[in-house]
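The values are calculated or read from the model by the stated rules, or taken from the named source; none is laboratory data. Since the model is a prediction, treat every value here as computed from it, not as a measurement. FYI the Cβ positions are ideal-geometry reconstructions off the backbone, even for glycines, and counts take in every protein chain you see. For accessibility, only protein heavy atoms count, side chains too; no ligands or nucleic acids. Shrake-Rupley method; radii C 1.70, N 1.55, O 1.52, S 1.80 Å.
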Amino acid sequence: MQNLDLFEVIERHPSKVSGAWVFRGTRVPVAAFFENLKDGASVDQFLEWFPGVTRTQVEVLLDRALASLTQITQTSRYRSTRKAAGAYKPPSHSESPLKEN
């Protein structure tokens, strides 16, 4: 597969599908892809139902989603490890940026 950036395969314009994220060059919302998967559709079925979307676009989207989840998991583990080791110190109320003077 090609090494494409996420924004080479999806786009968002205020005048296109009410500003929703869509697959680039289409009016197919990215949310429609995830909703169809959630409802039991396969990637092949989605591509058949929405012929303007390419397999490459779907693969890049899934790869980036997985990379994001992996990064979140690693960040969460890092924070948990620091907290368990006593290195994590949440801000005190006096340090809160929302504190009124």
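Find the residue count for region 35-56, including only residues that are within 17 Å of F7 (Cα to Cα) and in contact with a helix residue (DSSP H, G or I) (Cβ under 9 Å, 6 or more places away or on another chain). Talk me through it step by step, then tell me what you get.
Taking region 35-56 first, the residues within 17 Å of F7 (Cα to Cα) are 52-56.
The next check asks that each one be in contact with a helix residue (DSSP H, G or I) (Cβ under 9 Å, 6 or more places away or on another chain); those that pass are 53-55.
Residues flagged as within 17 Å of F7 (Cα to Cα) and in contact with a helix residue (DSSP H, G or I) (Cβ under 9 Å, 6 or more places away or on another chain) within region 35-56 amount to 3.
For residues in region 13-34 being small (G, A, S), more than 21 Å from N3 (Cα to Cα) and part of a loop (DSSP other than H, G, I, E, B), which is least open to solvent (accessible area, probe 1.4 Å)?
A20
For V28, only one of the following conditions fails: (1) closer than 18 Å to R64 by Cβ; (2) over 18 Å from the mean Cα position of the chain (by Cα). What is its number?
(2)
Please give the number of the condition V60 fails out of (1) surrounded by 12 or more Cβ atoms within 10 Å (Cβ to Cβ); (2) at pLDDT below 65; (3) in a helix (DSSP H, G or I); (4) not acidic (D, E).
(2)
Going by the structure shown, is G86 part of a loop (DSSP other than H, G, I, E, B) and modelled with pLDDT of 95 or more?
Considered against the rule, which asks whether it is part of a loop (DSSP other than H, G, I, E, B) and modelled with pLDDT of 95 or more, G86 comes out as no.
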